[in-house]
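Computed from the coordinates by the stated procedures, all read-outs in this text should not be read as laboratory data. The model shown is predicted, which means the values in this text are computed figures rather than measured ones. Backbone-built Cβ (ideal geometry, glycine too); neighbour counts: all protein chains shown.
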Amino acid sequence: MFNEIFKTELKLIDLHLRSLFNTPPDSGTDLPVELHRLYESMAYSVFSEGKRFRPLLSVLTAKALNKEPEQVLPLAAAVELIHTYSLIHDDLPCMDDDDFRRGQPTNHRVFGEAGALLAGDALLTMSFGILAQSPSPRAAQAVALLSEAAGPRGMVGGQVMDVDAQNPGKLLLEDIHKRKTGRLIQVSVEAAGVLCDAPKTQVQALRAYGEQLGLAFQLADDIQDFDPAKPEKVSFASLLGNDETLRLLNETSQKALDALADFSSTADGLREMVRLNRDRV
Ligand code: GRG
């Protein structure tokens, strides 16, 4: 569904990601043959069938602010590489031990555990270099925001809380998912606002939109994935039931739309993302 509506934006994101892998900025021109397999492993996961939800948000934020998408492409690439690393690591035997991801065997099934671990490490590290090379004078601020969102108080922290949680209640579950899933979605929008030099009030509005959409994304995911045959997996749907999760999804989606109240029709792409996420269920 994203593919048709945002064809132009997705093409731009794909071309940018491919340019980073054709001439990796951190490898110089002569990549030692010993490292070919590392890049193959990284590219295997990056260029599989992901929705590109997060980089799309960055590009649509630039549009909302009447700026060129090129201004946020380094951020769009960085968030997608971090997202991809998190999926590779999440699939490892020490975490979820999954065999398939994005319609193909998981990275460690093809490249081995060490290969997958290191490909994730490389993607994570590379992402900050890419963002730091953004020509925006506010690149350093965006790097700091991304580090906060992906790090120990953000996505990694959420993953730790998720792994450790025994019987989380609604509040703890919400906190876990705001960090684990929500913060990277939020920063895709907020840091794009920063790179586009938006005034503080607009950045705050974008941050609020990103926070609500991040939660809505997880709520929709939980409804989609709910399997009563697997009650051991705690999710919003298993904890609250489908109807209450759907009610929360509607409420959260509305809050995301409300956060954009002061934006003109240039933000319609961001509004469409809320509707597309809601309509996944
Ligand atoms: C291992 C540090 C570390 C973190 C892992 C985000 C995460 C934390 C794990 C992923 C587990 C998971 C499936 C969470 C549900 C929400 C989510 C992030 C779904 C996958 O995102 P999509 O639907 O995936 O955007 P695609 O493949 O379309 O990019």
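Within segment 130-158, work out how many residues are in contact (Cβ under 8 Å) with a residue 60 or more places away in the chain, farther than 14 Å from Val79 by Cβ and either buried (at least 21 other Cβ atoms within 10 Å of the Cβ) or within 16 Å of the ligand (Cβ to nearest atom) (or both).
Total meeting the criteria: 0.
Considering only segment 32-67, state which residues are closer than 18 Å to Val274 by Cβ and either touching a Gly at 6+ places or on another chain (Cβ under 6 Å) or away from the ligand (no atom under 16 Å from the Cβ) (or both). Before you say what the answer is, go through the steps one by one.
We begin by selecting, within segment 32-67, every residue closer than 18 Å to Val274 by Cβ; these are 51-65.
The answer is Leu60, Thr61, Ala62, Lys63, Ala64, Leu65.
Got a number for residues in segment 185-232 being in a helix (DSSP H, G or I), within 16 Å of the ligand (Cβ to nearest atom) and of a type outside the set (Val, Ile, Thr)?
As a first pass, look at segment 185-232 and keep what is in a helix (DSSP H, G or I): 185-195, 200-225.
Now drop any that are not within 16 Å of the ligand (Cβ to nearest atom), which leaves 185-189, 210-225.
When the remaining residues are screened for being of a type outside the set (Val, Ile, Thr), the result is 186, 188, 210-222, 224-225.
Within segment 185-232, residues that are in a helix (DSSP H, G or I), within 16 Å of the ligand (Cβ to nearest atom) and of a type outside the set (Val, Ile, Thr) number 17.
Taking the residues in segment 68-121 that are of a type outside the set (Lys, Arg) and at positive phi as candidates, determine which candidate is farthest from the ligand (Cβ to nearest atom). Don't jump to the end; show me each part of the working.
First, pick out the residues of segment 68-121 that are of a type outside the set (Lys, Arg): 68-100, 103-108, 110-121.
Then drop every residue that is not at positive phi, which leaves 97, 103, 112.
On the way: Asp97: 13, Gly103: 9, Gly112: 18 Å.
Ranking the qualifying residues of segment 68-121, first place goes to Gly112.
Quick one: would you say Glu80 is within 25 Å of Met273 (Cα to Cα) and either aliphatic (A, V, I, L, M) or assigned to a helix (DSSP H, G or I) (or both)? Walk me through how you get there before you give the answer.
Values: within 25 Å of Met273 (Cα to Cα): yes; either aliphatic (A, V, I, L, M) or assigned to a helix (DSSP H, G or I) (or both): yes.
Yes.
Working only within segment 263-281, note down all residues that are assigned to a loop (DSSP other than H, G, I, E, B) and touching a residue at least 60 places away in the same chain (Cβ under 8 Å). Write out each step before concluding.
The initial filter retains those residues of segment 263-281 that are assigned to a loop (DSSP other than H, G, I, E, B), namely 263-264, 279-281.
Selection gives Phe263, Asp279, Arg280, Val281.
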